[in-house]
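This report concerns only the one structure given below.
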Amino acid sequence: GAGVSQSPSNKVTEKGKDVELRCDPISGHTALYWYRQSLGQGLEFLIYFQGNSAPDKSGLPSDRFSAERTGGSVSTLTIQRTQQEDSAVYLCASSLAGGLPDTQYFGPGTRLTVL
Amino acid sequence: KQEVTQIPAALSVPEGENLVLNCSFTDSAIYNLQWFRQDPGKGLTSLLLIQSSQREQTSGRLNASLDKSSGRSTLYIAASQPGDSATYLCAVKQNTPLVFGKGTRLSVIA
């Protein structure tokens, strides 16, 4: 595809369940980012991948959050034992090399609702 | 810690008006500043990216300026149209991730 894609577009889950969110970056983009947008808040950085490595995980809010990237392409963000405060839109972005100017291209997001 | 503030939080204008959205940041040591547009239920679309060495960038009816030393940027939209209605986000790049403001929600009334 031409852009960043994310699945599912919407996810409703019960408190305590695990969820997996998927991101397909633009082909050839080595850098991949996960952000979270909570109601009334700005976008909050979660984790950054360069290839399959994650040199910056500083934004992950707790050890219930983890992410991996395989083959330098698809990434999965996993949230274990979901809590209501995890409800947000999770956005993925990719860029060509992660350097400068590093224009990031965003996917449409996954809206997660934890009941 | 870098903080990005956008004023106003919401703005409603009649069609055809020129308008200015404001963005300020606390740490002037940035590599670049980017303006995005976000439509409901959609991802972010990059509008303009200004490198730290640049003063402004233009694309069509949009003009973004950057005053790095004072920690400010403005997005000027000329001759606004109902299709411009969206949330506009400002983001600065210092290290790897972008640091975003909370956005300005713009409504252009026909």
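Taking the conditions exactly as written (touching a residue at least 60 places away in the same chain (Cβ under 8 Å) and open to solvent by 30 Å² or more (accessible area, probe 1.4 Å)), does A:T30 satisfy them or not? Taking the combined requirement at face value, the residue satisfies it.
In this structure, A:Y90 does satisfy being closer than 17 Å to A:R111 by Cβ, among the hydroxyl-bearing types (S, T, Y) and in contact (Cβ under 8 Å) with a residue 60 or more places away in the chain.
Scanning the range A:100-115 for residues that are touching a residue at least 24 places away in the same chain (Cβ under 8 Å) and either in a loop (DSSP other than H, G, I, E, B) or charged (D, E, K, R) (or both) yields A:D102, A:Q104, A:G107, A:P108, A:G109, A:R111, A:L115.
Taking the range B:74-109 as the range and being open to solvent by 10 Å² or more (accessible area, probe 1.4 Å), among the polar types (S, T, N, Q) and over 13 Å from the mean Cα position of the chain (by Cα) as the test, the residues that pass are B:Q81, B:S85, B:Q94, B:N95, B:T96, B:S107.
Among the residues of the range A:12-31, those identified as in a strand (DSSP E or B), within 14 Å of chain B (Cβ to nearest Cβ) and at pLDDT 95 or above are A:L21, A:C23, A:D24. Residues in the range B:54-93 that are touching an Asp or Glu at 6+ places or on another chain (Cβ under 7 Å) and either among the aromatic types (F, W, Y) or assigned to a loop (DSSP other than H, G, I, E, B) (or both): B:S80, B:Q81. All of (1) within 14 Å of chain A (Cβ to nearest Cβ); (2) in contact with a Gly (Cβ under 6 Å, 6 or more places away or on another chain); (3) surrounded by fewer than 18 Cβ atoms within 10 Å (Cβ to Cβ) hold for B:Y31 with one exception: (2).
Scanning the range B:18-32 for residues that are more than 9 Å from the chain's Cα centre (by Cα) and not β-branched (V, I, T) yields B:N18, B:L19, B:S24, B:F25, B:D27, B:S28, B:A29, B:Y31, B:N32. Applying a threshold of 8 Å to beta carbon distances and a minimum spacing of six or more residues, or different chains, the list of pairs starting in the range A:1-26 at a residue that is of a type in the set (F, W, Y) and ending at one that is modelled with pLDDT of 95 or more and part of a strand (DSSP E or B) is empty. When B:R105, B:R61, B:R72, B:R55 are screened for being within 24 Å of A:R111 (Cα to Cα) and more than 10 Å from chain A (Cβ to nearest Cβ), only B:R105 passes.
Residue by residue, here is whether (1) in contact with a helix residue (DSSP H, G or I) (Cβ under 6 Å, 6 or more places away or on another chain); (2) of a type outside the set (D, E); (3) surrounded by 13 or more Cβ atoms within 10 Å (Cβ to Cβ); (4) modelled with pLDDT under 95 holds:
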position	(1), (2), (3), (4)
A:A2	no, yes, no, yes
A:R36	no, yes, yes, no
A:Q41	no, yes, no, yes
A:S62	no, yes, no, yes
A:F65	no, yes, yes, no
A:G72	no, yes, yes, yes
A:T76	no, yes, yes, no
A:D86	no, no, yes, no
A:A97	no, yes, no, yes
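Are there any strands (runs of 3 or more DSSP E) wholly within the range A:43-89 with 3 or more residues that are within 14 Å of another protein chain (Cβ to nearest Cβ) and closer than 13 Å to A:L21 by Cβ, and if so which? Spell out how you get there, then give the answer.
Values: elements: A:43-50, A:53-56, A:65-69, A:75-79.
Of the strands (runs of 3 or more DSSP E) lying wholly inside the range A:43-89, none has at least 3 residues that are within 14 Å of another protein chain (Cβ to nearest Cβ) and closer than 13 Å to A:L21 by Cβ.
The values are calculated or read from the model by the stated rules, or taken from the named source; none is laboratory data. Remember, it's a predicted structure, so these values are computed and weren't measured experimentally. Cβ sites come from the backbone with ideal geometry, for glycine too, and all protein chains shown count toward neighbours. We work out accessible area using only protein heavy atoms, side chains counted, and drop any ligands, DNA or RNA first. Shrake-Rupley method; radii C 1.70, N 1.55, O 1.52, S 1.80 Å.
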